[in-house]
Amino acid sequence: MQVKIPSPLFSYTKNANVVEGQGRTLLEVLDHLNSQFPGIKFRMVDEHNQIRPHMKVFVNTNEIRDLGTQINELDKIMIVAALSGG
């Protein structure tokens with residue numbers, strides 16, 4: 001499945017903004033991404049296995065917070081990083 005990566009994480013994906021993911025749940029997809037791009041999952045998921053507050057994950061057009069959400073091969077995943085500063 002197609003996973004869109006936000007620019008703050010491009011350093012992990014060698015500047016690729018879209019990568020291929022695999023898995024039946026969102027957690028499996030993120031684990032698969034981490035196997036390809038070590039360290040990327042820690043930027044998205046905290047030590048309590050929760051999506052970090054400054055990250056949003058959309059499956060198709062729905063925001064998903066539950067890592068156990070079922071995913072299928074036709075789904076498109078978009079990861080969004082909130083901007084902060086002032």
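The values are calculated or read from the model by the stated rules, or taken from the named source; none is laboratory data. Because the structure is a prediction, the values reported are computed rather than measured. Ideal geometry is used to build each Cβ from the backbone, glycine not excepted, and the neighbour counts take in all protein chains shown.
Between a residue in region 23-50 that is farther than 16 Å from residue 64 by Cα and any residue that is of a type in the set (S, T, N, Q) and crowded, with 17+ Cβ neighbours inside 10 Å, which pairs come within a Cβ distance under 6 Å, given they are 6 or more apart or on different chains?
Going by the 6 Å Cβ cut-off, the qualifying pairs are 40/34.
State the number of residues belonging to region 1-18 that are among the hydrophobic types (A, V, I, L, M, F, W, C), more than 14 Å from residue 75 (Cβ to Cβ) and either in contact with a Pro (Cβ under 6 Å, 6 or more places away or on another chain) or without any contact (Cβ under 8 Å) to a residue 60 or more places away in the chain (or both).
Total satisfying the criteria: 2.
Taking into account only those residues within region 1-14 that are buried (at least 17 other Cβ atoms within 10 Å of the Cβ) and among the β-branched types (Val, Ile, Thr), which is nearest to residue 69 (Cα to Cα)?
Only one residue tops the list, namely 3.
Look at residue 78 and say whether it is in contact with a Phe, Trp or Tyr (Cβ under 7 Å, 6 or more places away or on another chain) and at pLDDT 95 or above.
Values: in contact with a Phe, Trp or Tyr (Cβ under 7 Å, 6 or more places away or on another chain): yes; at pLDDT 95 or above: yes.
Judged against the criteria, residue 78 is a match.
Can you name the residue in region 15-39 that is over 10 Å from the mean Cα position of the chain (by Cα) and among the small types (Gly, Ala, Ser) and, of all such residues, is surrounded by the most Cβ atoms within 10 Å (Cβ to Cβ)?
Per the criteria, the residue is 23.
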